[in-house]
Each structure stands twice: as structure tokens, then as C-alpha cells.
Amino acid sequence: MLSNILFLTAVGLSSFRPAQSQSTPSICDNSTLLIDSRRVLITAQECTTVAGNIVIQYASDYPAIIEFPNLESVDGSFLSINFDEDIRVTRLSAPKLTTVAADVYISRWVNLTTINMPVLTTINRVRLNHLPALTSANFLSALETIENNYEVTNTSLKEIKNDKLLYAAFVEIFDNKELEKFELTALANASYNIALRRNKPGVEVSLPALEEVFYFEFQRISSLEIPELGRVIGHFVVNDSTVESLEAPKLQNVGLWYDPSISITNNRGLLIQNSGSLKSFSFPALEAVQLDLVIRNNSELHDISFPMLKRVTGNVGLEGTFESVRFPELDRVGGIFSLGNDEAGFNCADLQGFNTNGTIRGSFSCPDYQELPTRSSSQGESKKEIEDWLNWTSPGTGFESSRSISAVVFAIGISGVLLVL
């Protein structure tokens, strides 16, 4: 009997000790786990789950590698704030972290080269900002669910790729001096914007599943893959790029909505400009453009064709050395039509039909370019201006497709759909 009692006691003690060793420190249950010293960091490294936010502040005694070896989930945000530029940390690692309920926001770690979070799949928002030495952030590829922003600014990443993420509100990729490729191959919808600005010249962009986006703006790109894009609710802009061709085979509408609270010049319509390598573009399904349609300063572009375009709400501005421009279905231009053409012998006669049949609401200029009018910055005035355009109906009959191939046609029109969000 005594031996049995001793055996059971030993078993009880053995089972008790591991449970005791698995207990987590109380700071893991804080609404904010503030890490501001190496001592606090060592304690926090025992956490498996953090009930609130992890906030890392500057400390002079941090090691070169900050690792959270046991961390699996954060019920709040994972943040860094108020870092001095001499922070020595070069690597941030959480190899078991799968979920951050709110934001991952890492900023101003100027020596950080690596963020290692290979199984992080679910967050609300990611913001990587002012991390000029960063060359690896594997969680950007692992993310499967994100409710808000996907922002990467001022890093040394060469590639940003993800084949799992279906949705993001904002996708903003700015000032990444080494970036060569940007691929979100599963992304189908961006409810606000997708924008690349001031990155390394020549970024290759692939968005093969994208169907709808609000604002769409690309700068310094060398290629753009958007085979499924059907609607751009705000504007579509390609600027200052080395892309040789643009194809949007399913794009039907640019601009179904405007926001009078935004300076109206930011609601820009369809703009393709300052891209000296561009030789061709194809928008075979495009029917309507709200606000302006502008194609300027693309020195290698000689042929323009919008075979299905019926309406442009604002102004049309074309300037270049065009040999042919074709808009066979054009019915309505809500603003002015301005065509500047340096091609010798170009004939504007056929375009006069738009002016005489009432297709163009405003003035007509060809072959000398007339600068497009500046819209009012007043919210009330800009709102009235757009609504006037929306309600205006052309008495014209459109531009026939049988016109000369050398004729240049430009116009503005808009769909009658106005979405007020």
C-alpha cells in the first residue's frame, strides 16, 4: 500500500511540474505589453498569447536579434514607436506567430534587415515604414487575410509577392529603392486603392486576378498585367513609366463615383502620360470614362483606338505625334476636346464632326493643344460641375467607324451611374 501511495505521489508531482513550467507571466495579459528594456523583453519572450497590444519602444540595451520564440497570437496590434535612428536591432523574429487581430506596424528601425514571421497569415493591417535596410519580410508572402491596409514604404525589398491574399482596402507601395517585382496574384478586389509611387524605375507589376479597384495609380513601372480588371471606380493613372504596352481587355468603366470632399483634380479619370517607351495600348471593352481622358507626352505612341468608348464626362486632352486615333462609338463629351498633334500633315477635318454635331459640350481645338481648364477647388462648385456633366445629353449621333485611319478623335464622356458611398 505504501509503495502505491509513493507511486501516485510521484506521478502527481511529475504532472504538476510541467504545468508549472508552462505558466506565462502576467504581462502577457496586459491590455498593452510595453517593451522598453531588455529585461522586459526577456519576460515577454515567454508569452504564447498576448491579450492586448505589443508595443516596442527604444532601449539602448536591446540585442541585435529580437525574437519572440513562443508567440502564437496577438489580440491587439504589434507596434514599434519612437525609435531613435541608432537602434542596433537587425532582425525581428516571431517564428510561431499566426494571427495579429489588429495592426503590424514597424517603423524607423533603420538597421533592420529581416522580419521573420513565416506563418503569420491573418492581420487587420500591415504598415512597414522607413526601414531602409530591410531586405526580407517573409510574412508579406504568407498573409491570407487582411481587412485593411497593405503598405510598404521606404524599404530595400527587391520583391513583394503574395499568392494567397484575396482582398485589401489599401495597397500602397512607395519609395522602395530596390523594388523590381510586385505580384499579388490572388488579389481580386481593392476597395480603395492600389498605388505604386517613387519606387525603383522599372517595376514589373502582376495583378492577374484583380477585378475591381477604387483608385488605380502606377508610376515607374515597366510592365502591367491586369487581364481580369473590369471596373475602376475612381481613376486609372499610368505615369512616368517605361512600360511598352498596356492592355486591359475587360475594363468597361473608369469612374462610377466622385467624392466632392476630395479636391476634384484628384479624381482624374483615365490618364496615360509621361511614358516615353509606350508604343501601344488596348482598351477594347472600355465604354465610359468619368472626368478627364488624358493621353500626353508618350513620344513612341502613334496609334490610339477606343473601339467601344461612348461617353467621357469631363475633358479630353490628347497630345503627341499621332498617326491615327479612332473612337467610332463616341457619343458624348462633357467638357472640351483638345488635340495637339506634331505629326506633319495631320488632318483635323474629320474631327470637326464632333464639334458640329453637338457631341462635344465645350470648345474644340485641333491641332494646337489647349490646356484643360482648372476645376474649382470648392466642394460645392466641383460637385455642381460634375452633376452638370452627368445630366448633360449630347444631341449628336456619334462618330462613325468609317472615318479615315489618319483621323484623330478624342472625346470625354461618362456613364450615368453615380455611386454615393
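Looking only at residues in segment 231-240 that are of a type in the set (Val, Ile, Thr) and more than 15 Å from residue 301 (Cα to Cα), the one that is surrounded by the most Cβ atoms within 10 Å (Cβ to Cβ) is 232.
Being more than 22 Å from residue 256 (Cα to Cα) and surrounded by 21 or more Cβ atoms within 10 Å (Cβ to Cβ) is a description that applies to residue 298.
The single condition among (1) at pLDDT below 75; (2) over 35 Å from the mean Cα position of the chain (by Cα); (3) farther than 23 Å from residue 271 by Cα that residue 357 does not meet is (1). Considering segment 119-138 alone, what residues qualify as being farther than 26 Å from residue 228 by Cα and buried (at least 20 other Cβ atoms within 10 Å of the Cβ)? If the condition is that a residue be farther than 26 Å from residue 228 by Cα and buried (at least 20 other Cβ atoms within 10 Å of the Cβ), then 120, 123, 128, 131, 134, 137 are the ones that fit.
In segment 69-78, the count of residues that are modelled with pLDDT under 95 and assigned to a strand (DSSP E or B) is zero.
Only one entry of 204, 180, 217, 228 meets the criterion of being closer than 21 Å to residue 289 by Cα and surrounded by fewer than 18 Cβ atoms within 10 Å (Cβ to Cβ), and that entry is 228. When 210, 157 are screened for being closer than 24 Å to residue 129 by Cβ and surrounded by 20 or more Cβ atoms within 10 Å (Cβ to Cβ), only 157 passes. Scanning segment 42-66 for residues being among the polar types (S, T, N, Q) and either under 12 Å from residue 78 (Cβ atoms) or in a helix (DSSP H, G or I) (or both) gives a total of 2. It is to be established whether one or more residues within segment 206-221 are among the small types (Gly, Ala, Ser), outside any loop (DSSP other than H, G, I, E, B) and farther than 30 Å from residue 49 by Cβ. For segment 206-221, residues among the small types (Gly, Ala, Ser), outside any loop (DSSP other than H, G, I, E, B) and farther than 30 Å from residue 49 by Cβ: present. For segment 13-29, the condition of being over 28 Å from the mean Cα position of the chain (by Cα), at pLDDT 95 or above, exposed (fewer than 15 other Cβ atoms within 10 Å of the Cβ) and over 20 Å from residue 155 (Cβ atoms) holds for none of the residues. When every residue of segment 241-257 is checked against the conditions, none turns out to be surrounded by 20 or more Cβ atoms within 10 Å (Cβ to Cβ), in contact (Cβ under 8 Å) with a residue 40 or more places away in the chain and touching a helix residue (DSSP H, G or I) at 6+ places or on another chain (Cβ under 9 Å). Number of residues in segment 259-275 that are assigned to a loop (DSSP other than H, G, I, E, B) and either at pLDDT below 95 or of a type in the set (D, E, K, R) (or both) equals 8.
Counting only strands (runs of 3 or more DSSP E) that sit completely within segment 108-204, those holding 2 or more residues that are over 19 Å from the mean Cα position of the chain (by Cα) and either among the β-branched types (Val, Ile, Thr) or at pLDDT below 95 (or both) correspond to 114-116.
Residue-by-condition table, conditions (1) crowded, with 17+ Cβ neighbours inside 10 Å; (2) out of contact with any Leu (no Cβ under 6 Å at 6 or more places or on another chain); (3) β-branched (Val, Ile, Thr):
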position	(1), (2), (3)
75	no, yes, no
81	no, yes, yes
86	no, yes, no
97	yes, no, no
102	yes, yes, no
105	yes, no, no
108	yes, yes, no
117	yes, no, no
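The values are calculated or read from the model by the stated rules, or taken from the named source; none is laboratory data. None of these values were measured; they are calculated from a predicted model. Virtual Cβ from ideal backbone geometry, glycine too; neighbours counted across all protein chains shown.
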